[in-house]
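Reviewing the structure listed below.
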């Protein structure tokens, strides 16, 4: 990985919508709910993706780059707050992805349902990617700030280290939940449609993708919608998302 990320945001789109660079610029310059807008941008990077580590890492670094560019044109007292809001949005967005995956697995396990082996393995890869992104983005931001003159963003550097470190335990617990999840055997997977007691292949990824589409309340336990009791059919699971 290099620090040459200036062109990356323009080539990375969130759900085929506006480029990340434009979306982050709009979020920062508007000054309205900046952290929440950034969180949703990060969530969208993973929504429906399968191997997000490279594009998501570059896009997130591009978000920080754009935020710093705008902050450098602002007054010092506004600049640090502006960057901190972007940092908070990134950290919360990555936590949302991990939390959604963990919730899906724990809900299925509690119901006696099993996700297909390939889905669980792919989810593990995505969570491992998030763990890499947290480490790499913290290093990138530290290096970027070190190249800045003055001390305007030194507190933001410490804020980033804390925010990204705070997300790591949730990623770890999500990976632990996946590791404990009882996997389907080949025979179970083949008879899922008839038995209705397991989730079909692709269900975990579809569930997480659907949940991320409305992820604004994922990290607020008091506002999250709890799943209702079901008969264990695939239709009931799909209704949750």
query = With (1) at pLDDT below 85; (2) over 19 Å from residue 46 (Cβ atoms) as the list, and residue 216 as the residue in question, which single condition is left unmet?
reply = (2)
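For residue 44, are the conditions met, namely being at pLDDT 85 or above, surrounded by fewer than 18 Cβ atoms within 10 Å (Cβ to Cβ), over 20 Å from residue 142 (Cα atoms) and within 14 Å of the chain's Cα centre (by Cα)?
Numbers: at pLDDT 85 or above: yes; surrounded by fewer than 18 Cβ atoms within 10 Å (Cβ to Cβ): no; over 20 Å from residue 142 (Cα atoms): yes; within 14 Å of the chain's Cα centre (by Cα): yes.
So residue 44 does not fit the description; no.
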ask   = Of (1) surrounded by fewer than 20 Cβ atoms within 10 Å (Cβ to Cβ); (2) at pLDDT below 85, residue 21 satisfies all except one. Which?
value = (1)
request  = Give 79, 16, 35 a once-over and let me know the one that is at pLDDT 90 or above and more than 13 Å from the chain's Cα centre (by Cα).
outcome  = 35
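Rundown of residues vs (1) farther than 13 Å from residue 100 by Cα; (2) modelled with pLDDT of 65 or more, yes/no style:
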| position | (1), (2) |
| --- | --- |
| 154 | yes, yes |
| 158 | yes, yes |
| 164 | yes, yes |
| 172 | yes, yes |
| 177 | no, yes |
| 183 | yes, yes |
| 191 | yes, no |
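The values are calculated or read from the model by the stated rules, or taken from the named source; none is laboratory data. None of these values were measured; they are calculated from a predicted model. For neighbour counting, all protein chains shown are included, and Cβ atoms are generated from backbone atoms with ideal geometry for every residue, glycine included.
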